[in-house]
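No value in this document is a laboratory result; all are computed from the given coordinates. Quick caveat, the model's predicted, so the values are computed rather than measured. FYI the Cβ positions are ideal-geometry reconstructions off the backbone, even for glycines, and counts take in every protein chain you see.
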Amino acid sequence: MPSRTVEIMEFIGEMRAGRRASPHTLSAYSRDLKQLDAFLTRKFPAIRADDGFGAVGKLALRAFLAGLPADLAPATRARKLASIRSLFRSLHERGQITGNPAALLSPVKVPASLPRFLTVDETFAILEERSPQTSEEGGAVLLRDNAVLELAYGCGLRVSELAGLNLNSINLDERTVRVFGKGRKERLVPFGGKAEEALRAWLSRRQDLLMAGSPGETALFLSIRGRRFNTRAIQRLVDERCAAAGVRKKISPHKLRHSFATHLLDAGADLRGIQELLGHSNLSTTQRYTHIQLDRMMAVYDAAHPRARRKPDNPA
């Protein structure tokens, strides 16, 4: 029987090849399951690691989940449960275990939260902020940064999708970008004139940064070392632009995606169309943005409508 370590490695390999999980998901699931393995070794030494997860029962799994820090975010707790359930389901389907104790674990309640977004003015302030650059390299970096942000907001891309773009992902003549989203699902997203202008300017200077790395690099966006511009670098870029533009909100690249969807909905775009642009598998995910609209509408009503105004606490 394979050891727990081998079973984890085989499961992660299956997720990578068969399910085409994203690198972020693979990393998170691998980390969660290694944490479970270490917990079992420490707290349940009688359950030998060499016997694999087939020797692990529901009580040990419950003890692991119960022992997680009390201040752990519900979403993180839910992901750890999902990691365990996915592993045991895979082992059961392959006949490596006879039962599935993870199927008996209670679900984690994750409070519903509405996506946070920027106003149109805040978004434009970030996109139009230009830091002075004097060197040749600096000029190329500025053009790259402009193109990254214009495409992030102009297409509502996930940060991993943005970092994963290659030169052949972009069709400037048709103003479209081919994106591989979650599960490697492909979609075609249009972009506007501002994004096209920024992309053409960047591509005219991309060679300046390419010279520092491999001449065969296919990534659309490059670091100053000529390598793929990664997700952390994009986050730093967003932080810097927000500070320079005077936007005080805590903004992640994903907030630009939320802003893209919210602004389209405000302008009357069809919900199904927004779903396709965002690459959501389920319409229910996209429908969260309608709640934002409703909340904003109610706030306007409460502030402005004479019959909505509350009575004073101490009427004269």
| task | Kindly write out, for the stretch 159-175 in residue order, the coupling ³J(HN,Hα) from the Karplus curve 6.51 cos²θ - 1.76 cosθ + 1.60 (θ = phi - 60°), rounded to whole Hz, with x marking Gly and Pro. | result | 5, 5, 5, 5, 5, x, 5, 10, 4, 7, 6, 9, 10, 5, 5, 8, 6
| message | Quick check on packing: order 153-166, 199-212 by the mean number of other C-beta atoms within 10 Å, highest mean leading. | response | 153-166, 199-212
| request: Past 26 Å, Cα to Cα, is the threshold; run Lys34/Lys255; Lys34/Lys182; Lys34/Lys249; Lys109/Lys249; Lys34/Lys250 against it and keep the listed order. | output: Lys34/Lys255; Lys34/Lys249; Lys109/Lys249; Lys34/Lys250
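Would you calculate the volume per residue, in Å³, of the smallest convex hull containing every Cα atom of the stretch 1-130?
Convex hull volume per residue, Cα atoms: 158 Å³.
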| Based only on the alpha carbon positions, what is the Kirkwood hydrodynamic radius of the stretch 206-275, in angstrom? | 14.5 Å
| message | Going by average Cβ density within 10 Å per residue, which order do the peptides 251-257, 64-70, 89-95 take, highest to lowest? | response | 251-257, 89-95, 64-70
| Among Glu186, Glu276, which comes first, then next, by fewest other beta-carbon atoms within 10 Å? | Glu186, Glu276
| query | Under 5 Å between amide H atoms, partner at least 5 residues away or on a different chain: which partners does Asn166 have, H built in plane at 1.01 Å? | reply | Leu220
